[in-house]
Amino acid sequence: MNAIEVTGLRKSYGPVDAVRGIDLSISTGEIFALLGPNGAGKTTTVEILEGFRTQDSGEVQVLGFDPRTRGHVAREWRNRIGIVLQTTSDSGDLTVIETIEHFSGYYSNPRNVDEVINAVGLDEKAGSLIRKLSGGQRRRFDVALGIIGNPKLLFLDEPTTGFDPEARRSFWALIQELRGNGTTIVLTTHYLDEAEALADRVGVMSDGQILEISTPSEFGGRSTSKARVSWRDGTVLKSQTTDNPTAFVNNLGADFNGEIPELTITRPSLEDVYLRMIGEIDE
Ligand code: ATP
């Protein structure tokens, strides 16, 4: 069974068609990144999956349930889902550990509180008041609340906004560890390197539609696109695009009779391909 199945999803706000008929399947255990410019319809889509908004039409199944289901069944369903929203309301004058302990009481099979605090790198701040955390620490705290319930499915909406580079790397390690335990993760992010590092597949939305779904390495024909070889020849930096970088570098190596100065070989990054795709839509 797929963790998420969406067919023909539509949602309008008055005259604004925010989601215009999307189909999407996300496998159990997969990390799926939903990408797209501001206003593309990502939050609307994800909040329908979370049961916070209701679609105008289309079918949605999340862990086998329609998120519009209410009552006892919905409570059990919610118990298996973790959510980290873009912004969270303030927890007043409680400390990190008090709040996480409090939230753990809402779930039937919570994770260990100290372990979760350690996993998000907040050991030193466990006794601090929430309102005294820095922006990045606050975001890590939000992630802790998202995973305390030991979810089967975790939604992360722009989780690393405000993280310093080191915190972002340790967050990535945490997400990979969760995936290793079989958690399905749906991530929205504006950081293409984050999507590349974490996602099994990425889907790009624009103007309420999905433009492409693929693995990060194959996205937009990346894996078969030309490589750029760059090197230094005396005082001049040279570069050449080629379909056969190996042969090209071999020849270059022969010309230099050994080491090629400042050699690099690159293919378009996920960000390059994404920007080209979004740019073409805008034109
Ligand atoms: P971002 O990257 O900025 O978070 P997004 O891809 O998540 O953007 P949505 O928040 O889903 O985009 O918005 C899609 C469209 O629907 C936008 O045009 C937005 O203005 C509109 N919209 C979203 N929520 C509402 C609402 N509650 N009422 C009216 N219009 C809305």
In the set Arg228, Arg276, Arg169, Arg232, the lone residue that is open to solvent by 80 Å² or more (accessible area, probe 1.4 Å) and assigned to a strand (DSSP E or B) is Arg228
Next item on the list: Take Leu129 and decide whether it is at pLDDT 90 or above and either crowded, with 23+ Cβ neighbours inside 10 Å or on the phi < 0 side of the Ramachandran plot (or both).
Entry: yes
Within region 1-53, of all residues that are near the ligand (Cβ under 8 Å from one of its atoms) and farther than 17 Å from Thr188 by Cβ, the one least open to solvent (accessible area, probe 1.4 Å) is Gly14
With criteria (1) open to solvent by less than 70 Å² (accessible area, probe 1.4 Å); (2) over 30 Å from Glu194 (Cβ atoms); (3) assigned to a helix (DSSP H, G or I), Ile260 comes up short on (3)
Practice item. Output yes when any residue across region 89-112 is farther than 24 Å from Gly180 by Cβ, within 16 Å of the ligand (Cβ to nearest atom) and without any contact (Cβ under 8 Å) to a residue 40 or more places away in the chain, and no when none is. Key: no
- Query: On the given criteria, is Thr189 in the same structural domain as Gln55 (by TED's automatic domain parsing), closer than 30 Å to Arg276 by Cα, more than 16 Å from the ligand (Cβ to nearest atom) and not aromatic (Phe, Trp, Tyr)?
  - Reply: no
Per the filter on region 144-166, residues open to solvent by less than 10 Å² (accessible area, probe 1.4 Å) and of a type in the set (Ser, Thr, Tyr) are Thr160
Residue hits (region 49-73; part of a loop (DSSP other than H, G, I, E, B), touching a residue at least 60 places away in the same chain (Cβ under 8 Å) and not charged (D, E, K, R)) are Leu63, Gly64
* Asked: Any chance region 181-190 includes a residue that's at negative phi and modelled with pLDDT under 90?
  -> yes
When restricted to Gly149, Gly182, the only residue under 18 Å from Tyr107 (Cα atoms) and either touching a Gly at 6+ places or on another chain (Cβ under 7 Å) or more than 16 Å from the ligand (Cβ to nearest atom) (or both) is Gly149
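The values are calculated or read from the model by the stated rules, or taken from the named source; none is laboratory data. The shown structure was predicted, so the numbers you read here are calculated from the model rather than taken from an experiment. Positions of Cβ are generated from backbone atoms using ideal geometry, with glycine treated the same way; all protein chains shown enter the neighbour counts. What goes into the accessible areas is simple: the full protein's heavy atoms, side chains included, and nothing from ligands, DNA or RNA. Shrake-Rupley method; radii C 1.70, N 1.55, O 1.52, S 1.80 Å.
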